[in-house]
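Chemist: The structure's right below; bear with me while I get my questions together.
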Amino acid sequence: MSARPTRRLLTGTGTWVLLAVLMTWTLAPIAVMVFTSFKAREDVFQVPARLLPSTWTLENYATVFTASTMPQALLNSVVVGVLVALATLVFCFSAGYAMARFRFRSARPLALFILLGQVVPLTVILLPLYQMVTAANLLDSTTGVAFAHLAITVPLVTWMVRNQVAAIPIELEEAVRIDGGSRFDAVSYVTLPVCAPGLVAAGMFAFLQSWHEFLFASVLTTSSDARTAPVTLTEFATEFDVDWGATMAASVVLTVPIVIAFVALQRYFVGGLTGGAVKG
Amino acid sequence: MAMKPRSAAVAGIAGALVLGLAGTVVHSVVTGSRESTTSVEWWVPDWDYDAAVEIVAQFESRNPDVQVDLVKTTGDTVANRTAVALDSGNVPDVITESIARVPNYVAKGQLADLGGLYGDALPAEDFAPGLVDSLTFDGSVYAVPYRWGTNALIYNPELFAAAGITEPPATWDEFVADAERLTSGDVVATAWPMSGDPSDLTLRFLDFAVSDGATIDHGTPELTEQSVTSALELMGESVTDGWASRSSFELDNTGIRELFLQGRIAMYPGGVFDVTEALAQDAPVATAVLPGPDGPGTAQGVGWAYLVPQASDNQERAERLVRFLAEPENMAALTQTFPARLSASDDPRFQTPERLAYTEQLAEHSVPAANDPAWNASVQAVHDQIQEVALGRKTVAQAAEQIMTLAEGDE
């Protein structure tokens, strides 16, 4: 009779221990990043290594905000991320809705073809994208980077939206049309409101993808007017030297807005990512 | 038929978004289409940028028909950006690039022949030994090098004195003997950069190998089993023997320098920038030529050069800029290590006592670094073999066999 509580206790303890290990594994690099950002230069390579600074300093943050182009880069990242999120939502909702609701020849091959974009390595499409952005005269502009980032976000978000829409019973839209509404009314009054959490998640996903993307941004931008924050991080490494304190401080600055946004919107994010996962 | 209110709102918002996005694209296209046939675009790394601004101002005052657009690159992005630009054909007019990557671009026919720049005003013999030759392919010279440097031995004279050592090691036997004496308490004799860029470690490896019989023929290393074995014994076994720090696995060049500045590491092969940094911090520092098997060892020269892409629309103006940049005083201004031209080294800041060992190393015991594309491709694998020996997971013989196979291109 007492075996079950004992087993439950052991299982519970094991689960918590496992979770603690996973959490430590996940958070340890972040802790190192945060604490290193408050260390003086001589503290960074102290032997034996210590997690906490021996003297706390804001010098690295001062370097980031006053002696680098990081403030401009953060602004550029926000501009690019917002452009990408908006454009992704406009394009992908239209495409995802069409894939979920319209029956047309080659619908399935087309859907699979779109998903192919997600499995092709970014380096493979780098050169064609560079040529397209150049031809459009968008090189070294935030718009050009946003254009390139759409190549990353559009395939997956189209599928996310498609599944969201497919999970909504068609009968709800049909009810609007029986009442005399157009298809556009059905979308406005039924599909969009039901999809809203999923669309928030999709927009946030697109923003996140753009926020931390490095490869395209590093190749497509040349001036600090267009450089995004991940690329500007490399400014703290010169030919012979890496300013690890400033690099970590810049990384914290780069991470904090995303953490805040994620915490604020996590309810939508989790719901939106799993929405339509069963039925689709 | 009138639209329902919410439908009208949705249509309005969607329309505004589309118009806004389209407007943004059009604005970028229009503002981005400023091209000038008189401008020369020069991609310059951020560490040279400030000096480049001043030099460009001088160039433009002498050449009023040319405007130079400076574009800043960073050490971590320049390779990718240059490769993509050259592949796409949409290129700047002058690029400051690592000499190590020049053969890759030459192999694709992407660089203009700059051989015409060399002559009385720019004598090839005024450059560091073998340097121009290493950039010559089928009789054409595809770059003008402007900065050049090697590693030399950096050591802490106070730690040496405390260990009863009066002179820096001149041979490998002395190096190992000194290392064993220096390793005590909190101090370890040396460390290797096993973290960070793998080429930092393989550069040192190849320095040791070249000092013991390996050669570098036009950028291609010709290794011998003896030379590879010696280099692996010095680098890999030093960790297992305890006189090279086990923290090597987590150190890059910056980390090693910081430990040296803290007095935790007694000596290491390093560049002259580290010496400048140590002097700036009043740390005890001295330099010597790298030790070799029986005398001075050989170091590989690495550096940067100016390239003009074959696809540049402004080759004449680009070459004029490169010719100006190659003048000795301009080379000196853009260099923290050593200028590639010997005549530019007369500048007093290249003549300090700590730099004498580097000058001797460069002039008498150096060869241009390996830059063959096949070798470049195997750098990570060679790095891993050295690390395997240091971890004690492979013997020197096993790793040497693997590296020989890699170098012969069998894998």
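Chemist: Please enumerate the residues belonging to region A:1-48 that are β-branched (Val, Ile, Thr), outside any loop (DSSP other than H, G, I, E, B) and in contact with an Asp or Glu (Cβ under 8 Å, 6 or more places away or on another chain).
Modeler: A:Val44
Chemist: Look at B:Val68 and say whether it is closer than 30 Å to B:Val367 by Cα and touching a helix residue (DSSP H, G or I) at 6+ places or on another chain (Cβ under 6 Å).
Modeler: no
Chemist: Hey, can you tell me all the residues within region B:134-168 that are within 26 Å of B:Ser247 (Cβ to Cβ), buried (at least 23 other Cβ atoms within 10 Å of the Cβ) and out of contact with any Ser or Thr (no Cβ under 9 Å at 6 or more places or on another chain)?
Modeler: B:Asn151, B:Asn156, listed by residue number.
Chemist: Now, a different point. Against the definition (part of a helix (DSSP H, G or I) and either at pLDDT below 95 or not assigned by the TED database to the domain that holds B:Val379 (or both)), how does B:Ser199 come out, yes or no?
Modeler: Considered against the rule, which asks whether it is part of a helix (DSSP H, G or I) and either at pLDDT below 95 or not assigned by the TED database to the domain that holds B:Val379 (or both), B:Ser199 comes out as yes.
Chemist: Does any residue of region B:326-337 turn out to be closer than 29 Å to B:Leu111 by Cβ, open to solvent by 30 Å² or more (accessible area, probe 1.4 Å) and touching a residue at least 60 places away in the same chain (Cβ under 8 Å)?
Modeler: Yes.
Chemist: Return yes when B:Ala161 is touching a Phe, Trp or Tyr at 6+ places or on another chain (Cβ under 8 Å) and not basic (Lys, Arg) and no when it is not.
Modeler: no
Chemist: Count, please, the residues in region A:145-159 that happen to be farther than 18 Å from A:Ser218 by Cβ and surrounded by fewer than 24 Cβ atoms within 10 Å (Cβ to Cβ).
Modeler: 4
Chemist: Look through region A:129-142, keep the residues that are open to solvent by 10 Å² or more (accessible area, probe 1.4 Å) and of a type outside the set (Gly, Ala, Ser), and return whichever of them is nearest to A:Ala202 (Cα to Cα).
Modeler: The qualifying residue nearest to A:Ala202 (Cα to Cα) is A:Thr142.
Chemist: From the list B:Ala51, B:Ala85, B:Ala100, pick out the single residue that is outside the structural domain of B:Ser378 (by the TED database) and surrounded by fewer than 20 Cβ atoms within 10 Å (Cβ to Cβ).
Modeler: After applying the criteria, what remains is B:Ala51.
Chemist: So if I check each of B:Ala280, B:Ala288, B:Ala209, B:Ala214, which one is within 14 Å of chain A (Cβ to nearest Cβ) and at pLDDT 90 or above?
Modeler: Only one candidate passes the filter, namely B:Ala280.
Chemist: So for region B:42-65 (the condition being within 11 Å of chain A (Cβ to nearest Cβ), modelled with pLDDT under 95, under 22 Å from the mean Cα position of the chain (by Cα) and in a loop (DSSP other than H, G, I, E, B)), does at least one residue qualify?
Modeler: no
Chemist: Checking the conditions here, which among B:Arg257, B:Arg246, B:Arg264 is within 9 Å of chain A (Cβ to nearest Cβ), basic (Lys, Arg) and open to solvent by 10 Å² or more (accessible area, probe 1.4 Å)?
Modeler: It is B:Arg264.
Chemist: Among the candidates A:Ala73, A:Ala40, A:Ala28, which residue alone is in the same structural domain as A:Ser251 (by the TED database) and either under 23 Å from the mean Cα position of the chain (by Cα) or at pLDDT below 95 (or both)?
Modeler: Unique residue meeting the criteria: A:Ala73.
Chemist: Would you be able to say whether some residue in region A:190-202 is facing chain B (nearest Cβ under 9 Å), farther than 30 Å from A:Thr255 by Cα and open to solvent by less than 20 Å² (accessible area, probe 1.4 Å)?
Modeler: Within region A:190-202, none of the residues are facing chain B (nearest Cβ under 9 Å), farther than 30 Å from A:Thr255 by Cα and open to solvent by less than 20 Å² (accessible area, probe 1.4 Å).
Chemist: Please pick out the residue among B:Val10, B:Val94, B:Val78 that is surrounded by 14 or more Cβ atoms within 10 Å (Cβ to Cβ) and over 25 Å from the mean Cα position of the chain (by Cα).
Modeler: Exactly one residue qualifies, and that residue is B:Val10.
The values are calculated or read from the model by the stated rules, or taken from the named source; none is laboratory data. Everything numeric here is computed off the predicted structure, so don't read it as measured data. Reconstructed Cβ throughout: ideal geometry from the backbone, glycine too, with neighbour counts over all protein chains shown. These area figures cover heavy atoms from the full protein model, side chains too; ligands, DNA and RNA do not enter into them. Shrake-Rupley method; radii C 1.70, N 1.55, O 1.52, S 1.80 Å.
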